[in-house]
Ligand SMILES: Nc1ncnc2c1ncn2[C@@H]1O[C@H](COP(=O)(O)OP(=O)(O)OP(=O)(O)O)[C@@H](O)[C@H]1O
Ligand SMILES: [Mg+2]
């Protein structure tokens, strides 16, 4: 599996606003597989995806995608590389001035010279896949949160990318939609050999579809392996995260000063 | 004391770095040849939002300013018995100064703030980020058409403003106060020069259009992507554009009309 | 909004701008397409041009017939040499006409008025006015009056 890594991170250090978010992350994401990235909220999963996409540059360390060293790429090459990537943003990030149909058609119109009827076929096919073919005339403001995310998913697979990164695709989905999405992600991967990176909090769903998973906490990878290996992982922290126990070595709180000092001394300022 | 000096230094550095960033931003926007096939419809759309939708406020303001100029000019000039010079006064004031300047101020308030808010919101909702990740450069796709639209629309608006203003001045001066129409136009024509007055006024508005549009799109693009950040960026657009227009107007006037 | 409608509206907007510019050119600055090219040059020498300035008008019996092109100093005679551009249609100015600097109103701009002579010959392009009358200098007038001369 090491031989066919599509994305490689090596000793990545990254800080933001003076806070070190990654402190030496090393990670291989295999080609053609689904890799789940899990971790407590705010550990930098979204940040990790942005590093891979070249929107952020690491302070030190290497990020390479498909053999290209991303931070060192020239603008033009970076944009060319991104045409091969799809990314589903946590917020959906649909273009609010375009209809659902036009949103999904956008990457096709920009990057291909396909005739209009072919674009139409592709768009409707992608919308069908996420169950929203009937919603194609709506504007993004008329969609619910879950629908927004599914449209965004349809848009990110419009160009049939080699790599797709899903930032929390399951959040806000009802059980049926969730089942459909799980199946869709799995199908995309198996039928087209897509490399998928899945960021999610939903441990059971993620572990059920991924081939490989890693858990981030405190700026480091604390556990990685196949779902089976992770379930058997000796580390307390991994076990705490997988089983969702509130008490354990992984803190639930964002780093803060001593609680007694915060609550006690000011004496009910609010 | 040291803190104050340090704060001053930090403020100065911030200002310089924001100039640097906005310059680099501008290079990023203007670099690369726009592809006419995709660029033109985008530009057209922005011309509609930035230019056509600003027309109403520009026409109404132009009319009133022209009428006020007519009234004031008449009261002042009739003291010297030379109220026929009112046409010359209105035309020169509008074409050289008020046309470009007032249009630019209105533009900053009407179109500039809208541009900033729109781009800021696109940033806050990650639309710009997602565009980047699709391999589309938002600087060219989103920012460039808006910048060009402002640049093109401003002189058109300013010219329309001047013409409407002159017409408003004529309404008051000729139709209402009874200045002889032949003298009104005759005086105007003998004192207004097409190149020195009209074209210089147009050049002013071209400069203002560029600066206002630049400030508006940069403030939107550079804003802190939150509600408060967007609102403060919008305010900054209006304030900075107005100051820049008034300051540049002085410089341009000195260069164009000053005798030295 | 449909692409087509936007195109039409923006087109109308640009046309309105062009029409306004045309209005500024023709009606406001009095640029008329015909008179621009066909003018001919005459010269006039003055002892004192006072506040005369380039672009000022040249008139005859109150009708504008041309403009002042430039004013420069003749370093041999130390007189001001004024270049006049006269409309080509006015090609029969009598050769003994005089160029007089006048002021419009009490404090208005100064211009050149051509007071018509009686000669049968007329000035041809490039000629110089034989007789001229310099600007009336209010200040000098007053000081002359005060000193009793
Ligand atoms: N623009 C920013 N400036 C400074 N710090 C930031 C910024 N964006 C994010 N952070 C910090 O980076 C850390 C990681 O953020 P990130 O969005 O990657 O978390 P995440 O793992 O995706 O969380 P979640 O699961 O809640 O989406 C957070 O602690 C946050 O405080
Ligand atoms: Mg996140």
Q: Kindly indicate whether residue A:158 is within 13 Å of another protein chain (Cβ to nearest Cβ), away from ligand 1 (no atom under 16 Å from the Cβ) and either surrounded by fewer than 22 Cβ atoms within 10 Å (Cβ to Cβ) or in a loop (DSSP other than H, G, I, E, B) (or both).
A: yes
Q) Among the numbered criteria (1) more than 30 Å from residue B:169 (Cα to Cα); (2) loosely packed, with under 13 Cβ neighbours inside 10 Å; (3) under 14 Å from the mean Cα position of the chain (by Cα); (4) within 14 Å of chain B (Cβ to nearest Cβ), which single criterion is violated by residue C:70? A) (4)
Q: Go through (1) more than 9 Å from every other protein chain (Cβ to nearest Cβ); (2) part of a helix (DSSP H, G or I); (3) touching a helix residue (DSSP H, G or I) at 6+ places or on another chain (Cβ under 8 Å) and name the single condition residue B:179 misses.
A: (2)
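Does at least one position in segment B:97-104 carry a residue that is over 19 Å from residue B:241 (Cα atoms) and either outside any helix (DSSP H, G or I) or away from chain C (no Cβ under 12 Å) (or both)?
Within segment B:97-104, not a single residue is over 19 Å from residue B:241 (Cα atoms) and either outside any helix (DSSP H, G or I) or away from chain C (no Cβ under 12 Å) (or both).
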Q: Scan segment C:30-38 and give yes if some residue there is at pLDDT 85 or above and surrounded by 15 or more Cβ atoms within 10 Å (Cβ to Cβ), otherwise no.
A: no
Q. Considering A:145, A:172, which residue is within 16 Å of ligand 1 (Cβ to nearest atom), within 14 Å of another protein chain (Cβ to nearest Cβ) and at pLDDT below 85?
A. A:145
(Q) Quick check on my filter: what residues within segment A:179-211 are over 16 Å from the mean Cα position of the chain (by Cα) and in contact (Cβ under 8 Å) with a residue 12 or more places away in the chain? (A) A:180, A:192, A:193, A:208
Q.
Anything in segment A:23-48 that is away from ligand 2 (no atom under 12 Å from the Cβ) and under 22 Å from residue A:203 (Cβ atoms)? List them, or say none.
A. A:25, A:27, A:28, A:29, A:30, A:33, A:34, A:35, A:36
**Q.** Leading residue by the ranking (farthest from ligand 2 (Cβ to nearest atom)) among those in segment A:49-67 that are free of Cβ contacts under 8 Å to residues at least 12 places away in the same chain and closer than 22 Å to residue A:91 by Cα
**A.** A:55
Q: Kindly check whether there is at least one residue in segment C:74-87 that is farther than 18 Å from residue C:53 by Cβ and in contact (Cβ under 8 Å) with a residue 40 or more places away in the chain.
A: yes
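Which members of segment B:105-151 meet the condition of being at the interface with chain A (Cβ under 9 Å from one of its Cβ atoms) and part of a helix (DSSP H, G or I)?
B:118, B:121, B:122, B:127, B:128, B:129, B:130, B:131, B:132, B:133, B:141
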Q: Name the one entry in A:53, A:39 that is within 12 Å of chain B (Cβ to nearest Cβ), within 15 Å of ligand 1 (Cβ to nearest atom) and in contact with a helix residue (DSSP H, G or I) (Cβ under 8 Å, 6 or more places away or on another chain).
A: A:53
Q) Of these, C:100, C:58, C:63, C:83, which one is within 18 Å of residue B:191 (Cβ to Cβ) and at pLDDT 85 or above? A) C:58
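The values are calculated or read from the model by the stated rules, or taken from the named source; none is laboratory data. Owing to the predicted nature of the structure, the values given are computational and were not obtained by experimental measurement. Ideal geometry is used to build each Cβ from the backbone, glycine not excepted, and the neighbour counts take in all protein chains shown.
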